[in-house]
Amino acid sequence: MSSKKKTATSGSKKRTAGKEKTPDVVIVSSEAWPWVKTGGLADVAGALPRAMAQAGARVRLFVPLYKSIDRKKFKIPSRGGVKFRVPVSARIMEGTAHMISPSDNLEVWFIEQEQYFGREGVYLDPTGHDYPDNLERFAFFSRAVLETLIASGQPPDIIHCNDWQTGMIPAYLKTIYAGVPFFKNTGSLITIHNMGYQGRFHPSQWHLLGISWDHFHPGGLECYGHINLLKGGLIHADIITTVSPTYSQEILTPDGGFGLDGLLLHRVDRLHGVLNGIDTQEWNPATDQLIPHNFNRSDMAGKALCKTELLRNMRLDRGEGPLMAVVSRLADGKGMELLADCLDPMLAKGAQFLLLGSGDKALEQRFKQLAVSWPGQVSVTIGYDEALSHSIQAGSDMLLVPSRYEPCGLTQMYALAYGTAPLVRATGGLNDTVRQYDRATGEGNGFKFDEYSKEALLAKALEGIEFYLTDRRNWNKMVKMGMGEDNSWGRSARKYFSLYRLASSSGGK
Ligand code: ADP
């Protein structure tokens, strides 16, 4: 620990001297698009490294080489690579790191280890259960990253970890690697994408982590009798971030902290909220190839044509009221039960409703029934359809996101970019990206309600419907305001750069 302290100071000097210097970044994630994706983490870990590399940083992204990754398609070498060895309990596990460089300044390193990653699933077996050796797999992965870096001979300024799967990296840096000169100027940052997933394991697996039992206590990696890998990261990282400023406050409460709120309160001076961004190459109405007509802020004609086409394709009538849409997993926390309860009075006021989503079977059934009850006014598509999701964002008037909790959320940002007014509950990133429109001042980019209740959602939806029906001129001004906002990854990358400097200068304290 003490050697780290000394060197952290010299590291910070180096970086303050050249303030403009972009950092040498390592990002570690258990999934990253387009190589492997099970959820939103992959979108972040795919887009953020690219944005940082474009901003001039040297970026190395590390992911496991899962069996599902198409080695040929992504031109991942099957020979050579960096060989490394990781002790796992009493064994030595060998592995190889293979590198590709998809663009300037960006390297993607795949950690190959057949026994851990050469299987069908990423986290789950074919029956949908967690693999029983997930602790071992991701502790190995975490240590493999550190060993590969040492073998490559180029220390980074920062290691940016994501979620519990990489929580052991900050813990290793402050324990078994604390005296390793190679990492003397390397800070660590961990991003929490969803507090609900912490990587909890039975203490009988402790021996697989390779650190002393001295760290298994409530002030260390123990949490209510279990090993908690996210906690390992939160205790030891120089900086903690989560994916929106509002979520960074919500996780400090018993409701949002899932048992780790006390620890986070203790480290609140290290906790920051950085909003995720959207990929503006994929989500730009002026260039999007997945929508029938392109448009932009100064020429909105294409949006009206997109709506006409969407209504036709979805077999909806041409109505006076707004076309209100949902593109979402039908899962707990997304507020879909609330919405289903409110739809009848919204439709009675003249709104039209369109849903693309899948998940909970009872909810799927409920929405399908609504489509039967309101022919021409409600359309429900069950499934996952990337192209349709773009057409919906382009052709709708409002996007409904009434989530109970939402660490960041992306769909409301796509809606803003496509001139579709978001209607959201004031939680997490929804609260940070959507501002309630004020008809008196003309300020705001959408509609926002606070209380998680059917009444609050319905009142806000009726307000939106009435505004759309009675004041289209100001409606258009409102959505153009949203279209002009910067929700790009470039903005997020710049925020992370300043936090990296903070992590390096506070490393080891
Ligand atoms: P979460 O990660 O909780 O699902 P986000 O809003 O952060 O919520 O991200 C959801 C992403 O998945 C968005 O890109 C959204 O467009 C996409 N998505 C969700 N459901 C569907 C669907 N049925 N078809 C196409 N895209 C979908």
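The values are calculated or read from the model by the stated rules, or taken from the named source; none is laboratory data. Nothing here was measured: the structure is a model prediction, and the numbers come from that model. A quick note on method: Cβ atoms are made from the backbone with ideal geometry, for glycine too, and the neighbour counts reach across all protein chains shown.
Looking at VAL36, VAL25, VAL63, can you tell me which residue is modelled with pLDDT of 95 or more, out of contact with any Pro (no Cβ under 9 Å at 6 or more places or on another chain) and surrounded by 15 or more Cβ atoms within 10 Å (Cβ to Cβ)?
After ruling out the rest, the residue left standing is VAL63.
Annotation: of all residues in segment 31-43 being part of a loop (DSSP other than H, G, I, E, B) and within 15 Å of the ligand (Cβ to nearest atom), the one that is nearest to LEU230 (Cα to Cα) is GLU31. If you filter segment 360-394 down to residues that are within 16 Å of the ligand (Cβ to nearest atom) and of a type in the set (Gly, Ala, Ser), you find that the one that is surrounded by the most Cβ atoms within 10 Å (Cβ to Cβ) is ALA394. Among the residues of segment 248-277, just one is in contact with a helix residue (DSSP H, G or I) (Cβ under 7 Å, 6 or more places away or on another chain), surrounded by fewer than 21 Cβ atoms within 10 Å (Cβ to Cβ) and acidic (Asp, Glu), namely ASP261.
Okay, residues lined up against (1) more than 23 Å from VAL44 (Cβ to Cβ); (2) among the basic types (Lys, Arg); (3) without any contact (Cβ under 8 Å) to a residue 40 or more places away in the chain:
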| site | (1), (2), (3) |
| --- | --- |
| HIS217 | yes, no, yes |
| LEU229 | no, no, no |
| ILE235 | no, no, no |
| SER248 | no, no, yes |
| GLY256 | no, no, no |
| LEU265 | yes, no, yes |
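Within segment 91-109, one or more residues are of a type in the set (A, V, I, L, M, F, W, C) and closer than 23 Å to ILE278 by Cβ.
Has segment 311-319 got at least one residue that is in contact with a strand residue (DSSP E or B) (Cβ under 8 Å, 6 or more places away or on another chain) and either within 16 Å of the ligand (Cβ to nearest atom) or not in a loop (DSSP other than H, G, I, E, B) (or both)?
Yes, the conditions are met somewhere in segment 311-319.
LEU410 meets each of the listed conditions (1) in contact with a Leu (Cβ under 7 Å, 6 or more places away or on another chain); (2) within 9 Å of the ligand (Cβ to nearest atom); (3) aliphatic (A, V, I, L, M) apart from (1). Cβ-Cβ distances below 8 Å connect the following pairs, each with a first residue in segment 192-208 that is without any contact (Cβ under 8 Å) to a residue 60 or more places away in the chain, a second residue that is surrounded by fewer than 18 Cβ atoms within 10 Å (Cβ to Cβ) and of a type in the set (A, V, I, L, M, F, W, C), and a separation of six or more residues or different chains: PRO203/PHE216; TRP206/TRP213; TRP206/PHE216.
May I ask you to list the residues in segment 284-301 that are of a type in the set (S, T, N, Q) and without any contact (Cβ under 8 Å) to a residue 60 or more places away in the chain?
Of all residues in segment 284-301, those of a type in the set (S, T, N, Q) come to 284, 287, 289, 294, 296, 298.
Hits for segment 284-301 are THR287, GLN289, ASN294, SER298.
Among the candidates ILE169, ILE176, ILE111, the residue that is more than 22 Å from PRO203 (Cα to Cα) and among the aliphatic types (A, V, I, L, M) is uniquely ILE111.
Results for (1) farther than 30 Å from GLU250 by Cα; (2) outside any strand (DSSP E or B); (3) in contact with a helix residue (DSSP H, G or I) (Cβ under 8 Å, 6 or more places away or on another chain); (4) outside the structural domain of THR242 (by TED's automatic domain parsing), shown as yes or no for each residue.
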{"position": "ARG137", "(1), (2), (3), (4)": "yes, yes, yes, no"}
{"position": "SER142", "(1), (2), (3), (4)": "no, yes, yes, no"}
{"position": "ILE150", "(1), (2), (3), (4)": "yes, yes, yes, no"}
{"position": "PRO156", "(1), (2), (3), (4)": "yes, yes, yes, no"}
{"position": "ILE169", "(1), (2), (3), (4)": "no, yes, yes, no"}
{"position": "PHE182", "(1), (2), (3), (4)": "yes, yes, yes, no"}
{"position": "SER188", "(1), (2), (3), (4)": "no, no, yes, no"}
{"position": "TYR197", "(1), (2), (3), (4)": "no, yes, yes, no"}
